[in-house]
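The values are calculated or read from the model by the stated rules, or taken from the named source; none is laboratory data. Because the structure is predicted, anything quoted here is derived from the model rather than measured. Cβ: placed from backbone, ideal geometry, glycine included. Neighbour counts: every protein chain shown. Ligands, DNA and RNA are stripped out before the accessible areas are found, and what is left, the full protein with its side chains, is counted by its heavy atoms. Shrake-Rupley method; radii C 1.70, N 1.55, O 1.52, S 1.80 Å.
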Amino acid sequence: MANVTFNQDPVTLLGKEISVGDKAPDFTVLANDLQEVSLSDYKGKVRLIAAVPSVDTGVCSDETKRFNEEADKLDNVHVLTISMDLPFAQGRWCAATGVKNLDTLSDHRNADFGEKYGVLIKELRLLARAVFVVDSNDNITYVEYVDEVTNHPDYDRALDAAQKAE
């Protein structure tokens, strides 16, 4: 598993670590209206998936806003931000910040995404910061498990991978 820390303290990630070349596991999460959403709902598109602990914290907020800005410039790429936040809180946060070019999705109910993508932090029941790019054929083409949860991901590499994916 990826070695990840939270405020410099090691944490345990539950689930299977994802690697480039893997078939993207399908998962079920909740949209802001409480409807179930799965990866397969976005079939045929490239997906950039950002896992964050909570959109209501500084780094996660900045990251989600950055990907929201970039999402408008990406052709055939759908950006998903997944956290353990309640769907209601995600909806309020999006409305307050003007985020509308990506989907915020909640993994709070079953941690299905967190376990299938190896980002569920056992000690905190939050998601570790990570970015995955899934091509239109459901293959993983980019993976970044951010080694310190409070750090930003490599935006340029993730966006470049999303643009190159087909």
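Screening segment 101-163 for strands (runs of 3 or more DSSP E) wholly inside it with 1 or more residues that are under 18 Å from residue 68 (Cβ atoms) and open to solvent by 40 Å² or more (accessible area, probe 1.4 Å) returns the ranges 103-106.
So if I check each of 34, 39, 80, which one is touching a Leu at 6+ places or on another chain (Cβ under 7 Å) and either open to solvent by less than 50 Å² (accessible area, probe 1.4 Å) or in contact (Cβ under 8 Å) with a residue 40 or more places away in the chain (or both)? Walk me through it before giving the result.
Numbers: 34 fails: touching a Leu at 6+ places or on another chain (Cβ under 7 Å); 39 fails: touching a Leu at 6+ places or on another chain (Cβ under 7 Å).
Within the list 34, 39, 80, the selection yields 80.
Of the numbered criteria (1) touching a residue at least 60 places away in the same chain (Cβ under 8 Å); (2) closer than 18 Å to residue 37 by Cα, the one residue 166 fails is (2). For residues that are among the acidic types (Asp, Glu) and farther than 18 Å from residue 157 by Cβ, scanning just segment 66-77, find the one that is surrounded by the most Cβ atoms within 10 Å (Cβ to Cβ). Residue satisfying both the conditions and the ranking: 72. Here is a check on your reading of the model: is residue 63 open to solvent by less than 10 Å² (accessible area, probe 1.4 Å), within 28 Å of residue 147 (Cα to Cα) and in a helix (DSSP H, G or I)? In short, yes.
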